[in-house]
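As structure tokens, the structure follows; a few thoughts come after it.
The values are calculated or read from the model by the stated rules, or taken from the named source; none is laboratory data. Predicted model only: the values in this text are computed from it and were never measured. Please note: Cβ atoms are built from the backbone with ideal geometry, for glycine as well, and neighbour counts cover all protein chains shown. Only protein heavy atoms, including side chains, enter the accessible area calculation; ligands, DNA and RNA are left aside. Shrake-Rupley method; radii C 1.70, N 1.55, O 1.52, S 1.80 Å.
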Amino acid sequence: MNFLPRQIQRVLDCRFTLEGAGVKLKRVLGNDENSTLDPFLLLDHFGSEDPRDYLKGFPWHPHRGMETVTYMWTGEVEHGDSMGNKGIIKSGDVQWMTAGSGIIHQEMPQKYDGLMQGFQLWVNLPAVKKMVEPKYRGILREQIPMVQKDGVKIKVIAGKVDGTRGPVSDLAIDIEYFDVKLASGKTFEHTTTKEDTVFAYIVDGSVEVHNKTIMQGHCVVFGEGDFAKISSRNGARFLFVSGEPLNEPVAWRGPIVMNTQEELDRAYEELEAGVFIKTKNYLDINRN
Ligand code: MN
């Protein structure tokens, strides 16, 4: 049996966007309907040396029906949520938040000396899990294992590389999320499940896939094949993500992602009426 490397299906360019209370960021996925990759809804890359680009942050806002995975490379984000969690996501840390039935939170990047850089991936939840109890997980950088082999360094945030498993054991949906650093002339190869959505977002340097060069700031969406193969002549660092498509209808407005328009309308009505949060331990953020 022959195993074939996955083809390039397409290459996406990111777009500058203003989000939250005025954070300048690069949107990689989620710019329009054609740039969501089921089950991944959105990928934002924030990064700037100028605090004015990010200090306004993302003040109190709701989420329902999806997950946000925030990964900081450098810099700090202070956060708090309606379940009473609060703290600081520091350089190298990950915050994995399952909004489920509803959470209200804020995410405020702190002033950082130098290049502040991080990512937020939105993962959709299947219909059966959209209204699960919300869950928040703070993952410290030292909890994220790294696999090193012949010029390839892989931080395993989720999924498995050569028997090394990421730190989150109770993922709502099974995805792989790696931070891969390639020394010049090195190649990353990873076997993927045939039906899965697979992409790589090139953050630094450039890579070659099937002899095509992809520069930083671009996202390679892989097509059919058995494994992903990414080389780099001059060195690169990229995020590699895969997951099984949900193949369910998506009704999405702002930070709430449901299956039907009716569910979406209900969510916004509940927000208006102050009955959005379903958990017992509800910190009334309006009272503080
Ligand atoms: Mn949020």
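Nonpolar atom fraction for the chain, defined as the carbon and sulfur part of the 1.4 Å probe accessible area, stands at 46 percent.
A P(r) calculated from all alpha carbon pairs of segment 148-288, with 5 Å bins opening at zero, reads 2, 8, 15, 16, 14, 11, 10, 9, 7, 5, 2, 0 percent. Rg and Dmax over the alpha-carbon atoms of segment 8-273 stand at 17.8, 58 Å. Highest-first packing order for the peptide set 186-196, 226-236 is 226-236, 186-196, based on the mean count of other beta carbon atoms within 10 Å.
Counting only residues at least eight positions apart within a chain, or on another chain, the lysines with an alpha carbon under 28 Å from that of K149 are K90, K160, K181, K186, K194, K212, K229. Charged side chains reduced to their Cβ positions (Lys and Arg at +1, Asp and Glu at -1) give the chain a dipole of some 680 debye around its Cα centre. Pop a pseudo-label 7 angstrom from the Cα along the beta-carbon direction at both L4 and V132 and give the gap in nm to one decimal. It is 3.5 nm. Taking all protein chains together and rolling a 1.4 Å probe, T260 ends up with roughly 60 Å² accessible.
Here K194 and Q143 are evaluated by their C-beta separation; at R0 = 25 Å the FRET efficiency comes out at 0.25. Using 0.36 nm per residue and subtracting the Cα-Cα separation, the extra length available between T187 and F227 on full extension is 13.1 nm.
Computed from the C-beta positions of D32 and S91 and an R0 of 41 Å, the FRET efficiency is 0.80 to the nearest 0.05.
The lysines whose alpha-carbon is closer than 19 Å to the alpha-carbon of K24, local same-chain residues fewer than 8 away aside, are K56, K111.
Ordering 93-103, 261-271, 108-118 by mean Cβ neighbour count within 10 Å, with the highest value first, yields 93-103, 108-118, 261-271. Heavy-atom accessible surface of the chain, averaged per residue, reaches 48 Å², computed with a 1.4 Å probe.
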